[in-house]
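What follows is a set of notes on a single structure, which appears directly below.
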Amino acid sequence: MKYRSTRGQVAGQGFESVVLDGLAADGGLYIPESLPALPDGWQAAWAQLSFAELATELISLFVGDDLTRSEVAALAARSYSTFDTSEVTPLVPLGAGSGTFILELFHGPTFAFKDVALQFLGNLFEFFLERRNARSAGHNITVVGATSGDTGSAAIYGLRGKKNVSVFILHPKGRVSPIQEAQMTTVLDANVHNVAIEGTFDDCQDIVKQLFGRADFKREHALGAINSINWARILAQITYYFYAYFSLVRQGVAAAPRPVFVVPSGNFGDILAGYYARALGLPVARLAIATNANDILDRFLRSGTYEKNSEAGVLATPSPAMDILVSSNFERFLWYLARDHEVPASVADAHEREQRAGEVVAQWMDRLKTAGSFAVSPEALAAARQAFWSGRCDDEQTHAAIARHHAAQQSYLLDPHTAVGVHVAETLRPEIERLGDNVQTVCLSTAHPAKFSEAVLKAVSDAGRQIDFQSILPPAFVGLLDKPRRCFECDNSPDAVAKYIEQTAAASSQ
Ligand SMILES: *Cc1c(COP(=O)(O)O)cnc(C)c1O
């Protein structure tokens, strides 16, 4: 199994280097050079597997010779033992007999779906570095990332205490939710460094980009990335699409389910895993992108133009983990669109088409950077609409969906991100019904409602209802705000952050 870059200048990379590199040298994202085939009879053979066993089957298909099957199994078992339910990602009905289900992805240590991938990625980093160090000493990685809340805490919990890994997470001081800030800064492991920047999330991201752009600094500290451009994150997420399918079978909903997956989307990492699940052969009726007011994906599927909303900038919504200007992982899907629908049909050779696809993507990305937008051909747009449905949910609709389901006879408390998906699923109902019988709606739930308690409480109390928040609070949140913290407050400058990283590295090597 080899990987290529979406921008066409890098190919033939193995799984281990793809994981440790993060981003390809040409600025593109890694994708598999070809998709593996599922084993014959997978539907029967995998039907009763646990989440970790299913992860082992799927991940093993993508690692080539870089990991043995038993190594994958050990990593998966370890990664998913930190979840608070043996099911890892349970599927629960939303309202009795409604045919709609919630796939709860928030049972990991930080109560958001990113744990599914980052628990695995942390163990993977540690495994590869230990193996390298057994051959020759001195291999380590310094993960540097920016967060507006969710990625940072999931990364910290994925990497805490890992050997040969240190992690620096920049967050905008005073601009992440109190729970998120506490989740990050109460982790006191020696290898975890929180950095509060006097500035915005964009400032944090700029600083990280600049540090990665300093070639000497990057090499000296072996900088590594954990954002959703890392292929291992997408790979690890494929598992829960299969798990949801088998859950429908095991719950007796359908012998041969055809789920419509509705996915609250920001950077397009979560739903992209569903795209790969379907490409592997999972029977998926449709994949639906749900966006909040930051709706670049929804606008693209309506118009065929991928356009940054630069004037308005990022809009602050009740679902902040989806507040983005562009969706970084969309580039991976664009590569497939380009290969199949932009490269002229006269180019018959498969290799030539793949090469040309990278050129098309590189041009699109260039235009996005310089002009703020690019448009795809009508054929490509039609294909994109075949692959994805989409819908948008504004702030008011988000609050209304939370209130409606809290008040329902079979009450369910949605977090604001999940509410975006549920709202979009409800607006798509006529289309879903047109797909015929034997179709189920599965809304991916990306966060526990207690993690975004302000929006949830507002939605419910504005609707004139009460909520006993203490009763749903996960035990890990009880007393969290009062625990000891460690955080470095830093000037809003790359030099100041670089200095802190250098000092910390020097202190720990003494
Ligand atoms: C990150 C995140 C999302 C968006 O996922 P993408 O992979 O960026 O599309 C949605 N909800 C929550 C709670 C998140 O943390």
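Which percent of the accessible area of the chain is formed by carbon and sulfur heavy atoms (probe 1.4 angstrom)? Solvent-exposed carbon and sulfur of the chain make up 48 percent of the total. Does the range 324-461 come out rounded, prolate or oblate by the C-alpha gyration tensor, with a ≥ b ≥ c the root eigenvalues, rounded set by a/c under 1.5 and, if not, prolate when a/b is larger than b/c and oblate if not? It comes out prolate by the Cα gyration axes.
Computed from the C-beta positions of D394 and S17 and an R0 of 41 Å, the FRET efficiency is 0.45 to the nearest 0.05. Given the C-alpha centroids of the range 366-442 and the range 316-347, what is the distance between them in whole angstrom? Taking the Cα centre of the range 316-347 as reference, the centre of the range 366-442 is 16 Å away. Straightening the chain between Q470 and D349 buys 37.4 nm, computed as 0.36 nm per residue apart minus the Cα-Cα spacing.
With a cut-off of 20 Å, note down the residues of the range 190-213 whose backbone N falls inside the zone around a label point 7 Å from the Cα of R485 toward its beta carbon. What the label zone holds, given the 20 Å backbone N cut-off, is 190-205.
Mean sequence separation of contacting Cα pairs (under 8 Å, at least six apart), scaled by the length of the chain, corresponds to a relative contact order of 18 percent. Extension gain for R434 to R219 (0.36 nm times residue separation, less C-alpha to C-alpha distance): 71.9 nm.
Here the chain is treated with +1 on each Lys and Arg Cβ and -1 on each Asp and Glu Cβ, and its dipole about the Cα centre works out to around 440 debye. Taking the centroid of alpha carbons for each part, the range 475-498 and the range 197-260 are 22 Å apart.
Annotation: per residue accessible area for the chain equals 40 Å², rounded to a whole number [probe 1.4 Å, protein chains only].
Put a dot 7 Å past the Cα of K369, heading toward its Cβ, do the same for D203, and the two dots end up 2.5 nm apart. Name the residue farthest towards the positive end of the dipole of the chain from the options A256, F101, P475, assuming +1 on Cβ of Lys and Arg, -1 on Cβ of Asp and Glu, about the Cα centre. The listed residue farthest towards the positive side: A256.
The values are calculated or read from the model by the stated rules, or taken from the named source; none is laboratory data. No experiment lies behind these values; they were computed from the predicted model shown. FYI the Cβ positions are ideal-geometry reconstructions off the backbone, even for glycines, and counts take in every protein chain you see. Ligands, DNA and RNA are stripped out before the accessible areas are found, and what is left, the full protein with its side chains, is counted by its heavy atoms. Shrake-Rupley method; radii C 1.70, N 1.55, O 1.52, S 1.80 Å.
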